[in-house]
Structure formats: structure tokens, C-alpha cells
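Just below is one structure, and these are the notes that go with it.
The values are calculated or read from the model by the stated rules, or taken from the named source; none is laboratory data. This is a predicted model, so every value here is computed, not measured. Note that each Cβ is placed from the backbone with ideal geometry, even for glycine, and that neighbours are counted across all protein chains shown. Quick note on the areas: whole protein, heavy atoms, side chains included, nothing else; ligands and nucleic acids left out. Shrake-Rupley method; radii C 1.70, N 1.55, O 1.52, S 1.80 Å.
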Amino acid sequence: MIGVSAGRLRAYLRAGVLSPEKGTRGELRFSFQDLLLLRKAEGLVSQRIPPHRVRRALKKLRERLTDEQPLTGVSLGTDGPQVVVHERGARWQVESGQVLLAFDKPDTAPDEVPLVALPTRTAGGERPAGDVVPPTVEEIYELACDLDEADPERAESSYRQVIAQAPQHADAHINLGRILHERGDLPGAEEHYRSAISIRPHDPTATFNLGVVLEDGGHHADALEAYRRAIGADERNADAHYNAARLYDLMGDYASALRHLRICRDLARRQR
């Protein structure tokens with residue numbers, strides 16, 4: 001509806017600027033306020049503000065506001081490559097907190113970001129014109145996250161750049177592994193999942209994903225062990241319990257299969 005890719009949406013979630021609830025099947029349910037905020041954020045991106053800067057600004061703004069002040073109630077605009085807030089006739093930069101003085105057009109109404117429906121955005125993330133500062137590792141990673149769904153090949157290239165500069169970047173290994181996994185490159189995916197686990201031994205996502213890629217490759221015993229470790233890292237991982245139950249069932253251990261199915265059912269009920 002608002003032209004936000006799944007990769008961009010995940011980046012906003014990681015930044016903590018959205019507050020979705022979980023449905024009965026674990027799906028994310030976004031409020032009307034979340035949708036309004038996404039439209040405002042994409043309005044800033046459409047005015048050539050890099051996505052990572054929009055997220056950083058919204059995160060800082062969220063930290064400054066009280067619980068009673070929603071982000072959607074703030075009037076946002078741009079000043080060159082900066083996100084600014086219009087508040088009671090004054091303007092200030094979100095990231096630095098610097099107040100901006102309007103010398104040229106004091107009587108002109110602030111140019112707020114339009115809150116209109118946006119068309120589907122093509123893969124972007126370009127830096128502002130004239131900015132020659134090389135992107136940081138985190139900026140390259142965020143760009144890769146933005147490209148995840150729209151352009152997996154460019155996302156893969158960006159994740160590889162991150163890993164080349166920061167081999168211990170576990171999240172880049174996980175995301176690159178997922179891209180390779182979806183492409184059918186099981187050995188490549190397994191390599192990056194294991195790299196992430198070597199960096200963060202108790203990472204539930206990397207461990208669960210490793211279980212899935214091992215199961216897809218027919219290595220059921222190894223996959224079951226990975227699911228066990230994923231449950232050890234996060235006992236509320238309903239998907240890991242369900243997958244473990246299926247493998248126990250295939251191996252003839254019906255008691256263990258039933259136990260994990262019951263846990264999966266109980267977790268689903270708690271999320272209602």
C-alpha cells in the first residue's frame with residue numbers, strides 16, 4: 001500500500017521506531033500509527049534523504065519524546081541531507097539538535113514532508129549529491145538490508161562488502177546465508193550460518209536457519225541438533241519446536257514429537 005519493501009520494513013523494526021503486535025500465528029500486525037509513520041519516513045526518502053539517515057533520525061527522535069508523544073504527531077521536513085523538526089515556528093535538526101534560523105524566508109510556511117500515498121519505490125539508498133565521505137560498514141549493511149527484497153543480487157554484493165571489511169559481522173553472515181539459502185545454494189548458506197554461530201554461539205536465528213538448511217539437505221540428525229540448540233537459545237521459538245517435532249516423528253520418536261507439538265501449541269495460545 002505504501003511502497004515499503006520487506007527489507008526496508010525489517011530495518012525500521014530493528015531501529016525500534018515501529019510498535020507492531022504479534023498475531024495468533026506470530027505474524028506482525030501494524031497499527032494505523034505505524035502505517036502513518038512509515039508513510040512519513042518514505043516521504044523523507046523520496047526527498048533524497050538516505051534511508052539509514054531517516055531511520056537514525058527517527059530513532060533519536062523516539063528517544064527524545066515522551067510516551068505520550070507519538071512520532072506521527074511531529075512535523076518533519078528536510079534541510080539538505082538532514083531531517084528537521086518543525087515545532088512552534090522553530091526548526092531543529094533531529095540528529096544534532098541544532099536549531100536552524102530562517103534568515104531568508106521568515107514568513108514562509110515550513111515545507112513539511114507530504115503525508116500522501118507513495119508509489120512502490122525502486123531500490124535506492126544513494127548518498128546525497130556531493131557527499132564524498134565513504135560509507136561506513138554499518139551504512140553498507142543498512143543499504144544491503146534495504147535491497148534485500150527488491151534486489152537480492154545487489155544486497156548480496158553489499159553483504160559481502162560488509163564481511164570483507166568486518167568478518168565478525170554476524171548479522172551480515174546471517175542475511176547473506178539467507179539469500180544463498182533461498183537461491184538453493186545450501187553449502188554457501190550453511191557456511192555463513194556457521195560463521196555467524198562461531199561469532200555469536202547462542203544466536204537463535206543463525207542456529208534455527210542452520211537447522212533448516214541442514215534439513216533441506218537431508219541431514220536430519222544434524223538438523224534436529226540445530227533445532228535443539230535454537231530452542232536452548234530461545235525456548236519460545238515455536239517454529240523450532242514444530243520442526244523438531246516433525247523430525248522426531250520421522251525418526252519414530254513419537255513421544256518427543258508430541259512433547260514439542262504441545263509446546264508449540266501452548267506458545268501459539270500465549271500469543272493470542
- Task: Compute the length gained on full extension between ALA6 and GLU63: take 0.36 nm times their separation in residues and subtract their Cα-Cα distance, giving the result in nm to one decimal.
- Result: 18.1 nm
- Query: How high is the FRET efficiency from ALA255 to ARG25, r the C-beta distance, R0 22 Å, rounded to 0.05?
  - Reply: 0.25
- Message: Given a 1.4 angstrom probe, what's the average accessible area per residue across region 190-272, in square angstrom?
- Response: 56 Å²
- Between ARG48 and GLU182, take the C-beta separation as r, use R0 = 25 Å, and let me know the FRET efficiency to the nearest 0.05. 0.20
- Quickly work out the GLN168-to-ARG194 label distance, labels modelled 7 Å from Cα along the C-beta direction, and quote it in nm with one decimal. 2.1 nm
- Kindly rank 23-31, 258-266 from highest to lowest mean number of other beta carbons found within 10 Å of each residue. 258-266, 23-31
- Note on the structure: For region 147-272, the accessible surface attributable to carbon and sulfur atoms (probe 1.4 angstrom, ligands and nucleic acids excluded) amounts in percent to 47 percent
- Item | R0 of 25 Å, Cβ-Cβ distance ARG160-ARG14: FRET efficiency to nearest 0.05 | 0.80
